[in-house]
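Structure first, commentary second.
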Amino acid sequence: MADFHYREKLKQIEKAASTNLVPEGAKNVGMGCFVFVFILLISFLIFLSISLWINEIIVGSLLTGILVFVCLFVLYKIWTAPKIP
């Protein structure tokens, strides 16, 4: 026997994907995960920049520091962007 419950769920998912009716909770979770991973990346780059500075690899440290500031700026712009309707 076919399980019509799952068939209806598949129809709802297909409808949401084709008409962009993604629930607000799903959007918030996705954005939260993206921001969390981006913050982890920035933390790693800060650690790398400080480690390079301590080991007197100044050029690499400065380049990594510049990359950190670029990532911070991108994160700020994403965080303060207006909501898309």
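Looking at the structure I just gave you, is Val74 surrounded by 13 or more Cβ atoms within 10 Å (Cβ to Cβ) and either modelled with pLDDT under 90 or in a helix (DSSP H, G or I) (or both)? In short, no.
Looking at the range 41-85, which of its residues are within 20 Å of Asn28 (Cβ to Cβ) and of a type outside the set (Ser, Thr, Tyr)? Val74, Leu75, Lys77, Ile78, Trp79, Ala81, Pro82, Lys83, Ile84, Pro85 - these are the residues of the range 41-85 that are within 20 Å of Asn28 (Cβ to Cβ) and of a type outside the set (Ser, Thr, Tyr).
Results for (1) over 23 Å from the mean Cα position of the chain (by Cα); (2) open to solvent by 100 Å² or more (accessible area, probe 1.4 Å); (3) modelled with pLDDT of 70 or more; (4) among the aromatic types (Phe, Trp, Tyr), shown as yes or no for each residue.
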{"residue": "Leu10", "(1), (2), (3), (4)": "yes, yes, yes, no"}
{"residue": "Ala16", "(1), (2), (3), (4)": "no, no, no, no"}
{"residue": "Pro23", "(1), (2), (3), (4)": "no, no, no, no"}
{"residue": "Ala26", "(1), (2), (3), (4)": "no, no, no, no"}
{"residue": "Gly30", "(1), (2), (3), (4)": "no, no, yes, no"}
{"residue": "Ile46", "(1), (2), (3), (4)": "no, no, yes, no"}
{"residue": "Ser49", "(1), (2), (3), (4)": "no, no, yes, no"}
{"residue": "Glu56", "(1), (2), (3), (4)": "yes, yes, yes, no"}
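The values are calculated or read from the model by the stated rules, or taken from the named source; none is laboratory data. This is a predicted model, so every value here is computed, not measured. No Cβ is skipped: glycine too gets one built from the backbone with ideal geometry, and neighbour counts run over all protein chains shown. In case anyone asks, the SASA skips ligands and DNA or RNA and just uses the protein heavy atoms, side chains included. Shrake-Rupley method; radii C 1.70, N 1.55, O 1.52, S 1.80 Å.
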